[in-house]
1. Restricting attention to segment 1-23, which residues are hydrophobic (A, V, I, L, M, F, W, C), out of contact with any helix residue (DSSP H, G or I) (no Cβ under 8 Å at 6 or more places or on another chain) and farther than 29 Å from ALA81 by Cα?
2. Counting only residues that are part of a helix (DSSP H, G or I), β-branched (Val, Ile, Thr), surrounded by fewer than 20 Cβ atoms within 10 Å (Cβ to Cβ) and at pLDDT below 85, how many does segment 13-42 have?
3. Quick one: would you say THR37 is in contact with a Phe, Trp or Tyr (Cβ under 8 Å, 6 or more places away or on another chain), touching a residue at least 24 places away in the same chain (Cβ under 8 Å) and among the hydroxyl-bearing types (Ser, Thr, Tyr)?
4. Filter segment 119-163 down to the residues that are closer than 23 Å to GLY22 by Cβ and without any contact (Cβ under 8 Å) to a residue 40 or more places away in the chain and list them by number.
5. In segment 155-204, which residues are among the aliphatic types (A, V, I, L, M), at pLDDT 70 or above and either farther than 19 Å from LEU87 by Cα or in contact with a Leu (Cβ under 6 Å, 6 or more places away or on another chain) (or both)?
Amino acid sequence: MMSLETFFAYLIACIVLISIPGPSVTLTIANSLRFGTKAGLMTILGTASATSLMLAGLNIGMAPVLAFAAKWFWLIKLFGAAYLVWLGIRMIFSAPLSIKSGGKAGSDNNHFKQGFLVLIGNPKMLLFLGAFIPQFLDMSGNVVGQLLLMSATLLVVTVTIDGLYAVLAGRVGDKLSNKRTQIINRIGGSFMIGGGVWLAFARR
């Protein structure tokens, strides 16, 4: 099995990398600000489900999964970029919604779907995992056990950190007026559009 020193090095690396906001975190914060903490948590459930699928694919057979991702990289990337831009535009032009005003938060399944599609539409995540995780593997030990441990650790760290973003953003959103919520919508939408454009033109 993995040594404690290697595990803690991997854990710290996960915490540092997951703490850096990306498209999925931007979406989580935006949903939490506008619809409340529950919507943000449902978004996280969607991203965590997509991450679980990616990790399962890597655990089952890293080479075939990475080969598939590399072959269809451009198509998956364009899908994810277009979806992010569409979400950003919809957020910018949406009506202001305040939790205090009794506005409806929309369906939880919708937030779950948004989180799932944003992450699954980012093939860089899969390629990153394929390059990041093997660096900590001890090939002379139980590789399957190490992969399962690292996958579970990554999921726990991701859900915990993203959950903190959701809770904090949800509390801030509760205190926003309709006018300020509209400003947040435009800022968050602009960030998502920017993230989509970046994803579309970013190299591997």
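The values are calculated or read from the model by the stated rules, or taken from the named source; none is laboratory data. Note that the structure is a prediction, hence the values are computed from the model and not measured. Positions of Cβ are backbone-derived with ideal geometry, glycine not excepted, and every protein chain shown enters the neighbour counts.
1. Listed by number, the residues that qualify are LEU4, PHE8, ILE12.
2. Of the residues in that region, 2 qualify.
3. no
4. Selection gives PHE128, ALA131, GLN135, ALA152, VAL156, THR160.
5. First pass over segment 155-204, keeping only residues among the aliphatic types (A, V, I, L, M): 155-157, 159, 161, 164, 166-169, 172, 176, 183-184, 187, 192-193, 197, 199-200, 202.
From what is left, the residues that are at pLDDT 70 or above are 155-157, 159, 161, 164, 166-169, 172, 193, 197.
LEU155, VAL156, VAL157, VAL159, ILE161, LEU164, ALA166, VAL167, LEU168, ALA169, VAL172 - these are the residues of segment 155-204 that are among the aliphatic types (A, V, I, L, M), at pLDDT 70 or above and either farther than 19 Å from LEU87 by Cα or in contact with a Leu (Cβ under 6 Å, 6 or more places away or on another chain) (or both).
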